[in-house]
Amino acid sequence: MIVLRLVYLFMPVGIILAFLYAPAERLMGEASRMLYFHVPLAWVSVLAFLIAGVASVMHLVRGDDSRNLDIKAYNSASLGFLFVVLATAAGSLWSRMAWNAFWNWDPRQSSIIILLLIYVAYFSLWNALENNPNRGRITSVYLIFAMVSMPFFVFIIPRVFLSLHPDTLINPRGTVLLGDRMKVTLMICLISFTLLYFDLFFMKNRISRMEQRLEESLDNE
Amino acid sequence: MKRTITAIALTALLISTFFWNTGTTDGLLYGNTGPAAPVVKEYGGRPENPASGALSEEVKLYAVTATVLAIWSVLGVYLFLLDRRIRRLENRIDNSIRGNE
């Protein structure tokens, strides 16, 4: 899709804005520039896990006519996993600069570790069932449970317990607590990482489909 | 291949922004090289406190840039791996076509 090609425009613009246009935050100083990469990575990972869950639901509903939705769910979950690992690494370095420690078991840090483990288990399950004809259905059920638990870990736990993390973009006051320049930069980075995710997701789906077609044609010969 | 080249180009762009910043930190942070400079120095020149282990603003900027560079390196490697997967597929298709002939 042509819209996805906009990632090649938005991404460099986002990087330039993050370093040259957005001001440094008053308390955290230069470390605050991590916001424009850490938050979009975390957002995209949540989006990827949601799409993986929705694809799993559709796979179970449609049954045999699912058009490889289980593989699409796997592709989305693997991208989500990549992005959440990057978000965690970036967050850990930000934590060192802002709170003076790489890791301090903040509720959000703890919940992200549990989320990572949930998806590690999913990939183990996927690989363990390689020759099982019911792999798609079993892993889809697992992904639906993972999707249902994800908002709990990402949105609820960090709000229930006292956290060092500042108010999120989606907060009880319903306002984005950022200056105008920071807001614009963050929005452009959010859009660019979202486009990057969809570009990679569709590319992975195309590769999977090609691999499957090739296998089928080789089997027929 | 095109994607790999784009990833490398984006990384190069990122590295270049790093040099722009380190060269003229005071002005560029606020997009203003003139009157804003003293205000920025207030933040940019915050002294390091070795006792608390806090990092200076310059070190923080280096750290952010290095982290972003690392993120892009990982994404670049990921794109390279996808590109390799496509190349393998192309080779398999070519081989099967040659086999049929």
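Points to keep in mind about this one:
- Between A:P133, A:P166, A:P158, A:P151, the distinction of being part of a loop (DSSP other than H, G, I, E, B) and closer than 24 Å to A:C189 by Cα belongs to A:P166 only.
- Of the set (1) away from chain B (no Cβ under 14 Å); (2) at pLDDT 80 or above; (3) in contact with a Leu (Cβ under 9 Å, 6 or more places away or on another chain), all apply to A:F123 but (3).
- Residue within segment A:99-114 that is more than 14 Å from chain B (Cβ to nearest Cβ) and more than 22 Å from A:F161 (Cβ to Cβ) present: no
- Lone unmet requirement of (1) open to solvent by less than 50 Å² (accessible area, probe 1.4 Å); (2) of a type in the set (A, V, I, L, M, F, W, C); (3) closer than 20 Å to A:A42 by Cα for A:I114: (1)
- Residue count for segment A:1-28 satisfying the condition of being under 17 Å from B:E58 (Cα atoms), assigned to a loop (DSSP other than H, G, I, E, B) and open to solvent by 30 Å² or more (accessible area, probe 1.4 Å): 3.
- Condition check for A:N205: open to solvent by 80 Å² or more (accessible area, probe 1.4 Å) and within 30 Å of B:R92 (Cα to Cα): no
- Single unsatisfied condition, A:Y197 versus (1) among the aromatic types (F, W, Y); (2) under 19 Å from A:M58 (Cα atoms); (3) buried (at least 19 other Cβ atoms within 10 Å of the Cβ): (2)
- Residue, farthest from the other protein chains (Cβ to nearest Cβ), within segment A:57-86, restricted to residues that are open to solvent by less than 10 Å² (accessible area, probe 1.4 Å) and more than 20 Å from A:F155 (Cβ to Cβ): A:S66
- Pairs where the first residue, in segment A:197-221, is away from every other protein chain (no Cβ under 11 Å) and the second is of a type in the set (S, T, Y) and surrounded by 16 or more Cβ atoms within 10 Å (Cβ to Cβ), C-beta under 7 Å, 6+ apart: A:F201/A:S76
- Residues located in segment A:99-111, provided they are open to solvent by 40 Å² or more (accessible area, probe 1.4 Å) and out of contact with any Gly (no Cβ under 9 Å at 6 or more places or on another chain): A:W99, A:F102, A:W103, A:N104, A:W105
- Looking only at segment A:33-54, and only at residues there that are more than 9 Å from the chain's Cα centre (by Cα) and free of Cβ contacts under 8 Å to residues at least 60 places away in the same chain, the one that is nearest to A:I113 (Cα to Cα): A:H38
- Flag for A:A89 being in contact with a helix residue (DSSP H, G or I) (Cβ under 9 Å, 6 or more places away or on another chain) and either within 14 Å of chain B (Cβ to nearest Cβ) or surrounded by fewer than 20 Cβ atoms within 10 Å (Cβ to Cβ) (or both): yes
- Residues of segment A:127-143 satisfying the condition of being buried (at least 19 other Cβ atoms within 10 Å of the Cβ) and either under 20 Å from A:A90 (Cβ atoms) or β-branched (V, I, T) (or both): A:T139
- Within segment B:75-101, being loosely packed, with under 14 Cβ neighbours inside 10 Å and aliphatic (A, V, I, L, M) holds for B:V77, B:L81, B:I97.
- The single condition among (1) surrounded by fewer than 20 Cβ atoms within 10 Å (Cβ to Cβ); (2) in contact with a Ser or Thr (Cβ under 9 Å, 6 or more places away or on another chain) that A:S124 does not meet is (2).
- For segment A:162-180, the count of residues that are within 12 Å of another protein chain (Cβ to nearest Cβ) and either surrounded by fewer than 17 Cβ atoms within 10 Å (Cβ to Cβ) or polar (S, T, N, Q) (or both) is at least one.
- Verdict on A:A42 being in contact with a helix residue (DSSP H, G or I) (Cβ under 6 Å, 6 or more places away or on another chain) and either under 15 Å from B:I71 (Cα atoms) or hydroxyl-bearing (S, T, Y) (or both): yes
The values are calculated or read from the model by the stated rules, or taken from the named source; none is laboratory data. All figures in this text were calculated on a predicted structure; none of them were measured in a lab. Neighbour counts run over all protein chains shown; Cβ positions are idealised from the backbone, glycine included. Each accessible area value is taken on the protein alone, full model and side chains, heavy atoms only, with ligands, DNA and RNA left out. Shrake-Rupley method; radii C 1.70, N 1.55, O 1.52, S 1.80 Å.
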